[in-house]
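Working notes, beginning with the structure itself.
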Amino acid sequence: MSRRQLLNFLTGGAVAVTAASALYPVGRFFLPPVEGDGSGSVIAKDKLGNPIPAAQILAEPIGTRALIAGIAGEPTYLTINADGALSERGLVDSCTHLGCTFPWNPTAGQFQCPCHGSRYAPDGSVERGPADRPLKLVRVAVVNEAIVVSPWTERDPRTGETPWWV
Ligand code: FES
């Protein structure tokens with residue numbers, strides 16, 4: 001290899017590395033978060049399996065409980081907080097008594113299980129049995145305009161204890 005070829009090779013390599021390092025973050029910005037990264041995180045989807053843009057949920061009124069398909073397709077309630085932001089706490093729509101799904105009753109301000117009458121507070125705490133455990137939590141975050149749902153593995157803020165599902 002001649003001296004000219006070596007200099008051309010080194011210059012080209014330096015330009016390519018510089019361009020790639022500058023363009024990589026730009027490219028990542030326009031790509032939705034990757035699923036299957038080993039963390040168990042998924043992108044919130046509708047019942048047809050299409051990703052739900054965060055703006056679609058955030059356009060709903062304050063106090064809305066929006067159902068999405070979360071981790072492993074579990075129906076999961078998202079909450080619009082009083083400040084208009086999405087709550088970081090999602091609630092899995094599966095009664096801790098025997099697993100029925102349940103609606104949010106905005107008049108009563110409760111999740112009300114139709115199977116055996118359990119009632120849950122807005123944060124998923126049990127207000128009336130036979131259920132004896134709070135609703136399963138998942139972590140919710142908006143990343144690049146997508147809603148990312150992740151397993152909640154930290155202390156349960158409602159009980160102050162290790163979550164029953166961990
Ligand atoms: S399954 Fe909900 S109260 Fe029994």
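Each reported figure results from applying straightforward, stated rules to the coordinates on display, with no laboratory input. Computed from a predicted structure; not experimentally measured. Backbone-built Cβ (ideal geometry, glycine too); neighbour counts: all protein chains shown.
Given a Förster radius of 30 Å and the C-beta distance between Arg158 and Ala72 as r, what FRET efficiency does 1/(1 + (r/R0)^6) yield to the nearest 0.05?
According to the calculation, E is roughly 0.85.
Return the sequence-ordered ³J(HN,Hα) values of the range 114-120 in whole Hz as given by the Karplus equation 6.51 cos²θ - 1.76 cosθ + 1.60 applied to θ = phi - 60°, using x for Gly and Pro.
For the range 114-120, the Karplus-derived couplings read x, 6, 9, x, 5, 10, 10 Hz, x marking Gly and Pro.
Under a plain spin-label model, where a point goes 7 Å from the Cα along Cα-to-Cβ, how far apart in nm are Leu7 and Leu98?
The modelled label-to-label distance comes out at 8.3 nm.
If the label point is 7 Å along Cα→Cβ of Ala141, which residues in the range 81-121 have backbone nitrogen under 16 Å from it?
Backbone N within reach: 86-90.
For each of Ser118, Ser87, count neighbouring Cβ atoms within 10 Å of the residue's Cβ, then give the residues from fewest to most.
Fewest-to-most ranking of Ser118, Ser87: Ser87, Ser118.
Applying a 10 Å radius around every beta-carbon, put 72-80, 50-58 in order of their mean neighbour count, most first.
The densest-packed peptide leads the list: 72-80, 50-58.
Computed from the mean reciprocal separation of all distinct C-alpha pairs, what Kirkwood hydrodynamic radius does the chain have, in Å?
18.3
For Thr64, list long-range residues whose amide hydrogen, built 1.01 Å from N in the peptide plane, is under 5 Å from its own amide hydrogen.
Ile80
May I ask you to list the residues of the range 139-158 whose amide nitrogen lies under 18 Å from a point 7 Å from Cα along the Cα→beta-carbon direction of Ala85?
Within reach of a label on Ala85, which here means backbone N under 18 Å from a point 7 Å along Cα→Cβ, the range 139-158 contributes 139-150, 157.
Convert each backbone phi in the range 140-155 into a coupling constant with the Karplus relation 6.51 cos²θ - 1.76 cosθ + 1.60 (shift: θ = phi - 60°), then list the ³J(HN,Hα) values in order as whole Hz, x for Gly and Pro.
10, 8, 9, 10, 6, 6, 9, 9, 9, 10, 10, x, 9, 10, 7, 4
For every helix of n ≥ 4 consecutive DSSP H residues, a contribution of -39,500 (n - 2.57) applies; sum these over the chain, divide by its total residues, and give [θ] at 222 nm rounded to the nearest 500 deg cm²/dmol.
The helix contribution divided over the chain gives -6500 deg cm²/dmol.
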